[in-house]
Amino acid sequence: MYGAPVRLTSLSSNRLVMNPVLERQRVRESLQRASVAIFVTLDHHGAPNGRPMLPLWLPDDPNIFFLTHQDSRKVAEIAERPQVVLAIISAHSYFVVLGSASALRDLALIRRLWRPSYRAWFPAGKDDREATAVRVVVNRVNYWEPPRSQIVRVFQAVRAFVTRSAVETPMKTIDSL
């Protein structure tokens, strides 16, 4: 799926379609600047459970990683239903990442993802027996990028008021990172 085409979905056709490879790279870089993701799993009834987590990245790897405890509820939920959603806000943009997660007790991977500040969650350090990597294989990213310019936003608000129509922020979609 890596290198799959970018599908820009928009209710408005007045936006130029960007180069798919560059757009995927730009979206990935924006996601990498985010310090927190709301990681949503499904419980055994299919109800969503969300929690804030720190997204982790490896160079030239299209997946998003997290560190967690092996005995956590999210690991059990992922084992039963691997479909997950990540909600991320970064650089004035809004992202909903849809993917499939798996828990990995891979010590080499955990060491690559490790940061000294994680000792707060894993007192025994990177070799903590409970430390588990969660890999999210990204299937789709839906995202919205409202204008950053305050002048443009004021113009849109005035136009919406005058025309009695809502301001539109089109959703765009890419199929993978």
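Figures for the structure shown
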quantity: Descending semi-axes in Å of segment 6-174, equivalent ellipsoid built from Cα gyration tensor; calculated: 35, 17, 15
quantity: Length added when fully stretched, Leu104-Trp144, from 0.36 nm per residue minus Cα-Cα; calculated: 11.3 nm
quantity: Alpha-carbon centroid distance for the pair segment 31-91 / segment 115-130, whole angstrom; calculated: 18 Å
quantity: Computed over segment 6-174: relative contact order in percent, which uses C-alpha pairs under 8 Å that are six or more apart; calculated: 25 percent
quantity: Radius of gyration and maximum dimension Dmax of segment 67-143, Cα, Å; calculated: 13.8, 38
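Bear in mind that the values in this text are calculations on the coordinates, not laboratory data. Source: prediction; values computed, not measured.
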